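Worksheet: one structure, shown below.
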Amino acid sequence: WNMYMQNTLADRYGNFLHGPIEVLSKKAVDSYRDGAERCKEEVNMWDKGEDWYLFLCLEHLGVPHVRELRLLNDHYWASVYTPCNTPFATFHPFKDKDTWQRCLREVCPMVLNPWTSQAMAAYKQETPVIASIDVRWRWPALAAVAAVSLASSL
């Protein structure tokens, strides 16, 4: 399959692909590789982030897309607080330790702090850290793993 997943509604610039999670099939990556020079010549990349440029390039090359809005809950799209206990696979932005840990606690309230000696001891004993966590698994995390696994196998 030659396809990529659009992960958000269009932002104010018209970009449907935001960087926190980008899912492309192997054939889509091949299409990008094969068309990279064409995109460099025909798509203006100088005033864009890499995610917007990738979106424009894939569209320019005619790579088909699937819009999967459950992949990303992005503050930059709606400009509101991003809660993490919602049915999304990825949350953005969490650019510092405190906001990342807040998000982790919302999803997994009993999670061990991964920087504690207790968590590190579990790791050193070859016990998966996940075994030390009371995780309430939800479909988004599994969906993200499945989407990335599926896309990498196509």
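Quick note: the coordinates plus some simple rules give every number you see, no bench work behind them. Being a predicted model, the structure only gives us computed values, none of them experimental.
Taking amide H as placed 1.01 Å from N in the peptide plane, the amide H of LEU72 sits under 5 Å from that of ALA89, THR90, each at least 5 places away or on another chain. What does the C-alpha gyration tensor say about the overall shape of segment 23-78? Classify as rounded when a/c is under 1.5, otherwise prolate if a/b is larger than b/c, or oblate. It comes out oblate by the Cα gyration axes.
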